[in-house]
Amino acid sequence: MRKVLFLLLCLCIWVAGLAQEDFYSRLADSALTLTHQHIQYDPAYFKIIYPNGDVPAGKGVCTDVVIRAYRKRGIDLQKEVLA
């Protein structure tokens, strides 16, 4: 019985690891697609709405690529940081 439980635990850990790896692959793909867009570097301050606020689509800085990549995966970092 212990062997079966151990094997089930190992299987669950392995499946969870695959799901996490898949998420990071999709996040990287989302970020890569954003690098093909023309965005003008603009460090100016923009007031944005909460949640789901964003600077204008054609402007931004390096952190905006990260924020937009997560948003393409359905995650709003504004909410996650303030949660």
statement: So, over other residues within a Cβ distance under 13 Å of G58, counting Lys, Arg +1 and Asp, Glu -1, the net charge is -1
Where labels lie 7 Å past Cα in the beta-carbon direction, separation of I49 and T35 in nm: 3.2
query: So who's got an amide H within less than 5 Å of the one on K59, skipping anything under 5 residues away but keeping other chains? H placed 1.01 Å off N, in plane.
result: Q40
field: Distant-in-sequence amide H partners of D54 (H built 1.01 Å from N, under 5 Å)
entry: I49
- line: The aspartates and glutamates whose Cα lies under 19 Å from the Cα of K72, excluding any fewer than 8 residues away in the same chain, are E21, D22, D29, D54, D64, E80
- prompt: Looking only at region 48-83, which residues have a backbone nitrogen under 12 Å from a spot 7 Å from the Cα of D42 in the C-beta direction?
  reply: 55-61
Cα-based shape type of region 27-83, given that a ≥ b ≥ c are square roots of the gyration tensor eigenvalues and the cut on a/c is 1.5: oblate
field: Restricting region 16-83 to chymotrypsin sites (Phe, Trp or Tyr not before Pro) in coil, as DSSP defines it, with at most 10 other Cβ within 10 Å
entry: Y45
- line: HN-Hα couplings for region 60-72 via Karplus (6.51, -1.76, 1.60; θ = phi - 60°), in whole Hz with x for Gly/Pro, come out as x, 10, 4, 5, 5, 5, 5, 4, 5, 5, 5, 5, 5
- request: With a point put 7 Å past each Cα toward its Cβ, work out how far V61 is from L27 in nm, to one decimal.
  value: 2.1
Euclidean distance between Cα centres, region 19-50 to region 65-83, Å: 9
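Every number in this text was worked out from the coordinates using simple rules, so none of it is lab data. Keep in mind that what you see is a predicted model, and the values were worked out from it rather than measured. Virtual Cβ from ideal backbone geometry, glycine too; neighbours counted across all protein chains shown.
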